[in-house]
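Have a look at the structure below, then the notes.
The values are calculated or read from the model by the stated rules, or taken from the named source; none is laboratory data. Quick caveat: nothing in here was measured; it's all calculated off a predicted structure. Cβ: placed from backbone, ideal geometry, glycine included. Neighbour counts: every protein chain shown.
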Amino acid sequence: MAAMIEDRYLRTEEHDLEALLKLPADTLGYAFARNLTDKGFDPDYFRKREVKTDIDYVLMRLRQTHDIWHVITGFDTDPVGELGVKAVEVAQTRRPMAAVVSCGGVMRFLLHDPENLGKVLAAVSAGYQMGIKSKLLLAQRWEDHWDRPLDEWRAMINLTPVTSLTPKEW
């Protein structure tokens, strides 16, 4: 990660979803583009920020890779899946805001949707364990290797996606 911070490695061009959808179906690029296209998401949704400091860089890289993390981890983009991804972020970055969002999300389900609390706690637990066990997601140059198979990526970073896990309430 230190090398990426020093290099200030960032994706500078917009995503070409049409080109990514022409890749083989087992690749990261295809899975990323398919996920965004199927959900009608803007691949460049997160606002760009000026990068002056190391913290600015890390925050910008988190924005750029957030949707990739969903694909790599297997977490959906629904509220439960978002909390799972935030738990990965907590485990890997110890970023206070990620912890606040995770805790706030658990509280929201506890108070307003208690019948789904088990799913949320399973997602947070699975995400945190993923984050501890896998290599640093933020330190990957995903965009340089869109054509790499998703399973190969996961093996390289020692990550078992949530779809391979079997929580009772998933």
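Residues that are surrounded by fewer than 17 Cβ atoms within 10 Å (Cβ to Cβ) and in contact (Cβ under 8 Å) with a residue 40 or more places away in the chain were ranked within the stretch 12-57; the one that is nearest to Thr93 (Cα to Cα) is Asp54. Residues in the stretch 1-45 that are among the β-branched types (Val, Ile, Thr) and at pLDDT 95 or above: Thr27, Thr37. When the stretch 129-169 is filtered for residues that are more than 30 Å from Glu14 (Cα to Cα) and either within 14 Å of the chain's Cα centre (by Cα) or modelled with pLDDT of 95 or more (or both), the ones remaining, listed by number, are Gln129, Ile132, Lys133. For Thr77, the requirement of being touching a residue at least 60 places away in the same chain (Cβ under 8 Å), polar (S, T, N, Q) and surrounded by fewer than 17 Cβ atoms within 10 Å (Cβ to Cβ) is not met. Selection of first residues in the stretch 101-130 that are over 14 Å from Gly81 (Cα atoms) and of second residues that are assigned to a helix (DSSP H, G or I) and of a type outside the set (Val, Ile, Thr), restricted to Cβ pairs under 6 Å at least 6 apart or on distinct chains, gives the following pairs, ordered by first then second residue: Leu110/Leu117. Identify all residues within the stretch 81-99 that are of a type outside the set (Gly, Ala, Ser) and either in a loop (DSSP other than H, G, I, E, B) or more than 15 Å from Lys135 (Cα to Cα) (or both); write none if there are none. Within the stretch 81-99, Glu82, Leu83, Lys86, Arg94, Arg95, Pro96, Met97 qualify. The set of residues in the stretch 111-148 that are outside any helix (DSSP H, G or I), of a type outside the set (Lys, Arg) and surrounded by 16 or more Cβ atoms within 10 Å (Cβ to Cβ) comprises Ser134, Gln140, Trp146.
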